[in-house]
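Structure first, then comments.
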Amino acid sequence: MRLSIEKVTLFFLDQMAWLLVALFYLSFIILRPSAMLNLSTFRFLLYSSVPLGFLVVAEAIPLITGNFDLSVGQITGLAAMAAAYILLRNPNFNFILAFIMPFVFGTLCGALNGFLVGLINFNPFLVTLGTSLLFDGLTLMIHPQSIWGLDLPRYYVSFGSNEYIALLFFIMVLLILGLALRYSRTGIHIYATGGDRVSSEMLGIKTNWIIFLAYTIAGFLCGGAALIYTGFCNGVPLNLADGALFPAFAGAVIGGISLAGGRGSVINAFGGCLVVGTLEAGLTMFAISPEMRKAAMGILVIFAILLDRLRITYRDKLLRPK
Amino acid sequence: MEPLLRLRNIHKWFEKVHALNGINLDVYPGEIVGLIGDNGAGKSTLVKILSGVLRPDEGEIFWEGKKVKISSVQDARKLGIETVHQERGFVDCFSISKNIFLGREPKKPLFFLKIVDYCKMREEAQKVINWLNLKVDPDQEMRFASGGEKQGVVVGRAMYFKAKLVILDEPTRALSVAGVERVLEFTEALKNSRISCIFVTHTLHQIFKIADRFVILYRGEKKLDVEKKEFSSAEELEAKVLEIIKVH
């Protein structure tokens, strides 16, 4: 393949998330070199993006099939709270089962979404809006207070609080997921369903089951987020991941998951997550007020949508054969 | 010679509308049948029944001599019936090679797993492209191909997967003159591969040259079923068609 201006531009367009991360990070370095220019800040930035990273990837899968999941934050909260509550009441709970629990709860929640949207064919926006309230309510019903990390088994909390373990775990999950999406038939069918559902059906792809699977995987990933968040927050705060939907969504879209469905890679979605993470870290570093943070996040979401549109248009121009 | 496809007394109602009224149709191996009729004639209903989207209310379908039920798109494909639409049947943002193999991706072993074989897909896609002389690249996204070329890809896919009957559903609608020419070339390529073809259109003269037989539908009934050799020109056939329609 010859190297050409077009190929280079296309590469940058597709990897834009990583460029933005570099851009943001560099600007923060310029503004406050002492804080940003050291390895532990960089390492912390990566680590603190992991919980959000799980949620970005969780949101990405339904988006690829052309659907929405508004409940990712609430699934995470419920999975975290339910698992922590069981551990609270059973301090000598089986070590292996303890780690599996948040994934199981997350998967069940995701399967509910998948059942209603994929198999019953309800509107994804309305379903996941409803389930987000349901999961939120269930979280409060299980334990209407935060659970402190000190009351939980040491091993359980230290999994997510160890920077290296958390990052390694996330990268492993990301790689497995990314490869499965690209190199398995089901993975291709997930993209096909988002690209053109009617045509996929015509070609024998069972799109309703694909959508069910997409939401179930999303739930599973939320379970992963729950485990990491528990370590990161040293316990389960009552409002765990409550407002995480918009950063997750923004991260996925900036990372190249198209809103139209059918395209985008989860690896790049992590890049988008880092953009959000870097921005959030920067906002914290410069002690921006909560109100302004909210506004900044809102602007980021709109920016993500614009970027998606521009990217598609520009890619079209570049890829159209002469 | 036994017909590949035989429809006997096919009826279909939509509420009170009798969309298909006792249709009998035979399609032989390797022939091109032009299915002609205006809007409301029942052409698309018949196509949907053959491609498994709809089921007939009455009547029987025989495939290679055996009675069959086509209850789904998968059933139709299993028999070897493929349908080509201008806008559907492919994913626009996928590459040509991915589209050709969509739903039937080839796999290769990797340790204990089986992963999708992109190299094979690309190679085989190039073969298909060469068969039909398509002006596309296997890695190019489908949406950048013209309407005619897109249908060429779908026709190529049908050929690759050894379809026995390809139904082209109004393939020349909204195409340029060059596009129409290409579609006619693809249709002849099908015939040369001994694949039967039902070419649905409302413009008779376009397929006059390549078709073997013409079936005219009018308001749900088959009004004419003739071989091309009985007519010396498209105008003659058109005149006969108008004559029949005027009687009603």
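Considering the conditions (1) under 17 Å from the mean Cα position of the chain (by Cα); (2) more than 20 Å from A:A83 (Cα to Cα); (3) surrounded by 24 or more Cβ atoms within 10 Å (Cβ to Cβ), A:G224 is excluded by exactly one of them, (2). Here B:N39 fulfils each of the conditions (1) part of a loop (DSSP other than H, G, I, E, B); (2) within 16 Å of the chain's Cα centre (by Cα) apart from (2). Checking each residue in the range A:180-211 for being in contact (Cβ under 8 Å) with a residue 40 or more places away in the chain, surrounded by fewer than 21 Cβ atoms within 10 Å (Cβ to Cβ) and under 21 Å from the mean Cα position of the chain (by Cα) picks out only A:R182. Take the residues in the range A:256-290 that are small (G, A, S) and outside any loop (DSSP other than H, G, I, E, B); name whichever of them is farthest from the chain's Cα centre (by Cα). By that ranking, first place goes to A:G282. As a summary of the residue check, A:I299 satisfies the conditions (1) more than 30 Å from A:I86 (Cβ to Cβ); (2) of a type outside the set (G, A, S); (3) touching a residue at least 40 places away in the same chain (Cβ under 8 Å) except for the one numbered (3).
Looking at the structure I just gave you, is B:S44 among the hydroxyl-bearing types (S, T, Y), within 23 Å of B:G147 (Cα to Cα) and away from every other protein chain (no Cβ under 14 Å)?
yes
Contact map, the range B:65-94: first residue within 12 Å of chain A (Cβ to nearest Cβ) and surrounded by fewer than 18 Cβ atoms within 10 Å (Cβ to Cβ), second residue small (G, A, S) and not in a loop (DSSP other than H, G, I, E, B), Cβ cut-off under 6 Å, separation 6 or more or different chains; pairs are B:R88/A:S199. Residues that are surrounded by fewer than 22 Cβ atoms within 10 Å (Cβ to Cβ), touching a Pro at 6+ places or on another chain (Cβ under 6 Å) and more than 30 Å from B:A239 (Cβ to Cβ) within the range B:1-30 are absent altogether. Checked against (1) among the small types (G, A, S); (2) within 30 Å of B:V73 (Cα to Cα); (3) touching a residue at least 24 places away in the same chain (Cβ under 8 Å), A:G223 passes all but condition (2).
Selection of the range A:299-322 for residues being among the β-branched types (V, I, T) and either within 13 Å of another protein chain (Cβ to nearest Cβ) or farther than 18 Å from A:A269 by Cα (or both) yields A:I299, A:I312, A:T313. Select from the range B:108-117 the residues that are more than 7 Å from chain A (Cβ to nearest Cβ) and under 30 Å from B:F144 (Cβ atoms) and list them in ascending order. If the condition is that a residue be more than 7 Å from chain A (Cβ to nearest Cβ) and under 30 Å from B:F144 (Cβ atoms), then B:K108, B:D117 are the ones that fit.
Restricted to the range A:260-300, and to residues there that are of a type in the set (S, T, N, Q) and farther than 16 Å from A:L177 by Cβ, the residue that is modelled with the lowest pLDDT is A:T284.
Yes or no, residue by residue, for (1) more than 13 Å from chain B (Cβ to nearest Cβ); (2) at pLDDT 90 or above; (3) part of a helix (DSSP H, G or I); (4) farther than 30 Å from A:A296 by Cβ:
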{"site": "A:L175", "(1), (2), (3), (4)": "yes, yes, yes, yes"}
{"site": "A:I190", "(1), (2), (3), (4)": "no, yes, yes, yes"}
{"site": "A:G204", "(1), (2), (3), (4)": "no, no, no, yes"}
{"site": "A:G224", "(1), (2), (3), (4)": "yes, yes, yes, no"}
{"site": "A:F249", "(1), (2), (3), (4)": "yes, yes, yes, no"}
{"site": "A:V253", "(1), (2), (3), (4)": "yes, yes, yes, no"}
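Every test in (1) more than 8 Å from chain A (Cβ to nearest Cβ); (2) touching a strand residue (DSSP E or B) at 6+ places or on another chain (Cβ under 8 Å); (3) in contact (Cβ under 8 Å) with a residue 60 or more places away in the chain is passed by B:I100 save one, and that test is (2). Just one of A:S71, A:S49, A:S40 is hydroxyl-bearing (S, T, Y), within 19 Å of A:F170 (Cβ to Cβ) and buried (at least 24 other Cβ atoms within 10 Å of the Cβ); which is it? On inspection, the qualifying residue turns out to be A:S49. As a summary of the residue check, A:T216 satisfies the conditions (1) of a type outside the set (G, A, S); (2) more than 18 Å from the chain's Cα centre (by Cα); (3) part of a helix (DSSP H, G or I) except for the one numbered (2).
If you check B:L134 against the conditions, is it at pLDDT below 95 and buried (at least 22 other Cβ atoms within 10 Å of the Cβ)?
yes
The set of residues in the range B:31-59 being surrounded by fewer than 17 Cβ atoms within 10 Å (Cβ to Cβ) and touching a residue at least 40 places away in the same chain (Cβ under 8 Å) consists of B:D38, B:N39, B:G40, B:D57, B:E58, B:G59. Only helices (runs of 4 or more DSSP H) whose full extent lies in the range A:1-118 are considered here, and the ones with at least 3 residues that are of a type in the set (V, I, T) and either over 22 Å from A:L177 (Cα atoms) or free of Cβ contacts under 8 Å to residues at least 12 places away in the same chain (or both) are A:5-14, A:16-31.
The values are calculated or read from the model by the stated rules, or taken from the named source; none is laboratory data. Keep in mind that this is a model prediction, so the values were computed, not measured. Positions of Cβ are generated from backbone atoms using ideal geometry, with glycine treated the same way; all protein chains shown enter the neighbour counts.
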